[in-house]
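Okay, structure first, notes after.
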Amino acid sequence: MSIRILIDLSLISLINNGRDIKMHDLIREMGQQIVCQHSREPGKRSRLWCPDDVYHVLKNNTGTDVVECISLDMSEIKEVHLSAAALAKMPNLRWLKFYQSRCLLEKFSHSHGYPYKFLRLDFSPENLVEQRLLNFCECGLPNTHFSSKVHIPDVLERVSDRLQLFHWDGYPCKFLPLDFSLENLVELNMRGSHLEHLWDGIQELPSLRTIDLSYSKHLTEIPDLCRTPNLQLVYLSYCEKFKKCPVVTSENMVQLDLRKTAIEEVPSSIGSLAKLEWLGLSDCELLKELPSSIFNLQSLFELKFNGCLRLEKFPDITEPMENLKRLRIERTAIKELSSSIPNLVGLVRLIMLNCEDLEFIPRSFCNLNSLKVFRISDCPKIVKFPSISCGLCSLESLSVNDCINISEMPDNIGCLSSLRKLSLRGSNIESIPASIKLLTNLRRLYLSYSKRLQSLPILPPSLIHLDAIDCPLLYGNIMAKAELAIRYCLDQRRSFEGIFPGSEVPRWFPYQSMGPSLTIKWIRPNWGTAEFCGFVVCIVFSVEDEIRPWEYLFQCKIKIGDHPVEQRHFCCLRSYSRRFKKDHTIVSYNPSQNFEFDYSLPRGGSDDYHDVTFTILSWKDTFKLKKFGIYLTFSPDPHKEYDKLTVEEECDKPTVKEDDEDMNTTPCSVM
């Protein structure tokens with residue numbers, strides 16, 4: 001039966017661009033049963049995969065010329081010591097794989113830059129039942145990488161000339177086996193090995209496709225790979241003593257990973273790798289320069305220069321690049337971007353973070369017609385943002401955060417017709433250009449920690465989120481702008497949320513409480529009907545601790561009588577927030593189409609009253625609720641000129657029952 005027939009029957013499938021075969025469990029089990037029937041002695045079977053069988057063969061040195069493939073999960077066995085000639089008795093071995101399935105590096109979740117040397121004392125991996133990946137790359141945790149339970153003397157003696165896969169996690173020797181024939185080798189995978197170097201001189205490697213020596217802490221260099229015509233993947237990341245980037249000439253190269261190595265330069269020959277899609281250079285702290293030929297890599301999709309602390313010059317881009325979509329420059333010594341940057345004609349994301357020596361952004365940056373995301377943060381030497389042109393017609397997200405010497409944004413910011421998000425957090429700007437009102441697609445505006453920001457212009461009606469935390473000069477004069485945005489959202493029945501300095505609930509909220517809940521007597525409740533449009537909540541609060549990213553501040557629970565009908569979460573902050581020095585206010589409009597209604601609730605007659613209770617709960621004790629207000633919205637009734645709420649416009653008390661009996665009711669007015 002051919003492979004194509006098995007694929008058509010969904011019994012096997014090709015993965016990793018056809019490099020590997022994934023098969024149905026039944027096919028695998030059937031094949032394993034056939035192999036086991038050949039002999040009761042594991043050393044006389046062609047394939048070994050059961051940890052107990054492999055352990056038996058290795059410990060007792062019972063391998064024979066019948067053995068062709070060995071796959072051993074070293075997590076499943078005890079320590080075993082081999083003789084130097086342990087593999088010499090298996091001359092037909094084609095596949096040797098000693099791997100660690102329980103390596104922390106591969107098993108669990110992602111923690112980038114975890115700074116401590118120990119996990120929490122109460123950390124228990126057994127509880128990670130659903131967890132599939134935990135990546136501790138770039139962390140301070142020791143011994144989270146690869147180790148071998150298969151031990152050998154200083155060097156292995158003769159290994160099969162037919163070997164195609166040589167995979168040994170934590171390979172314990174300084175050198176490859178003696179007289180190791182490389183002619184048939186397709187994949188060399190020795191992550192976390194003790195290797196210091198590979199072979200001597202340039203070798204003919206006609207079949208080699210993959211080299212993975214990542215996390216080999218003692219590796220200093222490898223020979224040039226000039227005679228590896230089929231080489232596709234080279235991984236050398238976290239080889240911290242690796243100093244010289246090899247010359248690779250294979251036309252089939254797809255990925256080259258040099259992250260966290262000690263290289264000082266990249267050879268200009270890299271520009272000949274026409275099929276290279278991914279190049280890893282992050283955290284090469286000794287890297288001083290890049291060849292301009294790096295921008296000849298026409299298949300490159302993403303390029304990162306993170307943590308290249310000595311990299312001072314951004315290379316010139318001599319030819320247009322259509323496929324490079326993402327460029328990230330972080331923690332480098334680059335002083336300026338090349339004026340040729342518009343040659344990155346396909347660039348979609350440009351990120352520049354913590355570049356303390358970066359002095360300016362070239363005006364030609366505004367000619368990046370495909371750019372959708374531009375983010376710059378913590379670049380203190382930049383004093384001016386370039387004038388904006390219509391060339392940035394595709395820009396959807398603009399973030400200029402914590403650039404303390406930028407005091408103003410261009411007046412023509414309104415020409416960014418596609419902009420949906422604008423973030424100016426931590427800036428020293430004093431005002432927002434009036435042309436912001438022309439940004440008819442702007443939905444999110446982030447202004448937190450802008451200490452000098454004094455006022456806001458008219459905001460675009462499309463806005464659904466306004467974040468102005470700890471903007472002290474806006475205190476007390478921002479609510480009018482927020483009210484305009486809310487009014488427009490009321491008309492459009494679209495959500496809105498804002499957080500900004502303030503200590504009062506506006507008077508247009510007819511129902512106010514200084515306690516955690518209030519009850520409204522609602523005549524003929526139309527909850528769940530087309531007449532009820534939604535409600536606006538205003539929460540005044542203080543914070544006594546830092547707020548973590550993606551952490552909600554408050555929750556609102558709503559009941560009609562004794563029936564819970566809805567709960568909403570308010571103010572999810574997307575980055576760390578410092579302690580607020582003053583009271584802040586959340587204003588949120590929640591349209592009814594976002595609710596889930598219980599239609600079994602009684603609607604009541606035309607003269608029936610029902611208690612509708614709103615309760616505000618804080619997620620932490622450090623979030624202190626001071627007061628809140630509610631405003632209910634309804635569709636206009638063409639036959640009546642009054643609101644559906646039982647509000648008497650000249651009364652001293654609305655029909656509100658506060659659950660906190662010590663608090664006075666605020667006189668009402670209706671928006």
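Residues GLU130, GLU106, GLU138: which one is at pLDDT below 50, of a type outside the set (A, V, I, L, M, F, W, C) and part of a helix (DSSP H, G or I)? The unique qualifying residue is GLU106. More than 21 Å from ARG349 (Cβ to Cβ) and under 23 Å from the mean Cα position of the chain (by Cα): does that describe LYS260? Answer is yes for this residue.
In this structure, does SER250 turn out to be surrounded by fewer than 19 Cβ atoms within 10 Å (Cβ to Cβ) and over 21 Å from the mean Cα position of the chain (by Cα)? Give the steps one after another, and end with the answer.
On the way: surrounded by fewer than 19 Cβ atoms within 10 Å (Cβ to Cβ): no; over 21 Å from the mean Cα position of the chain (by Cα): yes.
Against the criterion (surrounded by fewer than 19 Cβ atoms within 10 Å (Cβ to Cβ) and over 21 Å from the mean Cα position of the chain (by Cα)), SER250 does not qualify.
Number of residues in segment 59-80 that are within 43 Å of the chain's Cα centre (by Cα) and within 20 Å of PHE166 (Cβ to Cβ) equals 10. Taking the numbered list (1) assigned by TED's automatic domain parsing to the domain that holds ILE270; (2) surrounded by 19 or more Cβ atoms within 10 Å (Cβ to Cβ) in turn, ILE388 passes all entries but (1).
Kindly establish whether LYS241 is surrounded by fewer than 19 Cβ atoms within 10 Å (Cβ to Cβ), modelled with pLDDT of 90 or more and basic (Lys, Arg). In short, yes. Pairs linking a residue in segment 181-205 that is closer than 21 Å to ILE152 by Cβ and exposed (fewer than 14 other Cβ atoms within 10 Å of the Cβ) to a residue that is modelled with pLDDT under 90 and not aliphatic (A, V, I, L, M), with Cβ atoms under 6 Å and 6 or more positions apart or on different chains, are SER181/ASP161.
Quick one: in segment 60-83, which of the residues that are assigned to a loop (DSSP other than H, G, I, E, B) and among the acidic types (Asp, Glu) is surrounded by the fewest Cβ atoms within 10 Å (Cβ to Cβ)? Checked segment 60-83; the qualifying residue surrounded by the fewest Cβ atoms within 10 Å (Cβ to Cβ) is GLU79. Here LEU398 passes the criteria (1) touching a Cys at 6+ places or on another chain (Cβ under 6 Å); (2) not assigned by TED's automatic domain parsing to the domain that holds SER292 except the one numbered (1).
Taken over segment 7-28, the residue count meeting the criterion of being loosely packed, with under 11 Cβ neighbours inside 10 Å and either on the phi > 0 side of the Ramachandran plot or in a helix (DSSP H, G or I) (or both) is 7.
If the requirement is being in contact with a Pro (Cβ under 8 Å, 6 or more places away or on another chain) and modelled with pLDDT under 80, which of these qualifies: GLY476, GLY528? Please lay out each step first, then the result.
On the way: GLY528 fails: in contact with a Pro (Cβ under 8 Å, 6 or more places away or on another chain).
Sole residue among the options that is in contact with a Pro (Cβ under 8 Å, 6 or more places away or on another chain) and modelled with pLDDT under 80: GLY476.
Only residues that are of a type outside the set (Val, Ile, Thr), out of contact with any Asp or Glu (no Cβ under 6 Å at 6 or more places or on another chain) and surrounded by 18 or more Cβ atoms within 10 Å (Cβ to Cβ) were counted across segment 331-352, and they come to 8.
Considering only segment 327-334, I want to know if a residue exists there that is among the acidic types (Asp, Glu), in contact with a strand residue (DSSP E or B) (Cβ under 8 Å, 6 or more places away or on another chain), outside any strand (DSSP E or B) and at pLDDT 90 or above.
Residues of segment 327-334 that are among the acidic types (Asp, Glu), as a first pass: 330.
Those left that are additionally in contact with a strand residue (DSSP E or B) (Cβ under 8 Å, 6 or more places away or on another chain): 330.
Of the ones still in play, those that are also outside any strand (DSSP E or B) are none.
Looking through segment 327-334, none of the residues is among the acidic types (Asp, Glu), in contact with a strand residue (DSSP E or B) (Cβ under 8 Å, 6 or more places away or on another chain), outside any strand (DSSP E or B) and at pLDDT 90 or above.
The values are calculated or read from the model by the stated rules, or taken from the named source; none is laboratory data. Note that the coordinates shown come from a computational prediction; the quantities given were computed from them, not determined experimentally. Using ideal geometry, Cβ is built from the backbone for each residue, glycine included, and neighbour counts are taken over all protein chains shown.
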